[in-house]
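> Below is the structure I would like to discuss, written out as structure tokens.
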Amino acid sequence: MNKKTAFIIAFLGVAAGVSVSTGLPAKPLAYGNATAPVSGHPAPPDQPRVIQIVAHKFAFEPNQITLKKDVPVTLHLTSQDVKHGFYIRGLKVDEEIEPGKTTELTFTPGKAGTFPTICDHFCGLGHKNMNMTVVVEE
Ligand SMILES: [Cu+2]
């Protein structure tokens, strides 16, 4: 074999030997005083519903979501390109969506209605048309 082939084989060998650990660290055991107060509040039995919203020039997907009044919801906001905004004026929600990460936004809609939601971070020529609708049902 020539030098190049040997190099590739060596490289593949190294790559194959790399082990990726996906295990989460074990939960630390509680030591000491068994009656020590538990920090924080116990997780509620019903975690907020999670809705994924993807922003890109110049739209949100999905472009309409339906929520329930007085029921907490968590939005996972991501951008496929540049920084966008996520502004629901009627619900006093104002978030920024940065590319390369998930912005977690938990809120509880306090009133029913149909709320226009816009990108309030200038993201290019189609920016002014970048919007979606949040419907909150009683
Ligand atoms: Cu935008």
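Values quoted throughout were computed directly from the atomic coordinates according to the rules given, and no laboratory measurement underlies them. What you see is a predicted model; the values in this text were computed from it and never measured. Positions of Cβ are backbone-derived with ideal geometry, glycine not excepted, and every protein chain shown enters the neighbour counts.
> For the cross-link pairs 68/92; 68/111; 69/92; 101/128; 57/111, which exceed 18 Å when the distance is taken from alpha carbon to alpha carbon?
Values: 68/92 16 Å; 68/111 9 Å; 69/92 14 Å; 101/128 24 Å; 57/111 30 Å.
From 68/92; 68/111; 69/92; 101/128; 57/111, over 18 Å: 101/128; 57/111.
> Counting other C-beta atoms within 10 Å, which of 75, 125 has the fewest, and how do the rest follow?
Values: 75 23, 125 9.
Ordered from fewest to most neighbouring Cβ atoms within 10 Å, 75, 125 come out as 125, 75.
> Where does the charge balance sit around residue 66 when Lys and Arg score +1, Asp and Glu -1, over other residues with C-beta under 13 Å from its C-beta?
+1
> Skipping prolines and chain starts, which residues have an amide H placed within reach, meaning under 5 Å, of the one on residue 79, given they are 5 or more residues away or on another chain?
Hits under the 5 Å cutoff: 55, 100, 101.
> Only bridges whose two residues both fall in the range 49-137 count here: according to DSSP, what percent of them are antiparallel, nearest 5?
60 percent
> Taking every alpha carbon pair in the range 49-137, what does the distance histogram look like in 10 angstrom bins from 0, in percent?
19, 56, 23, 2
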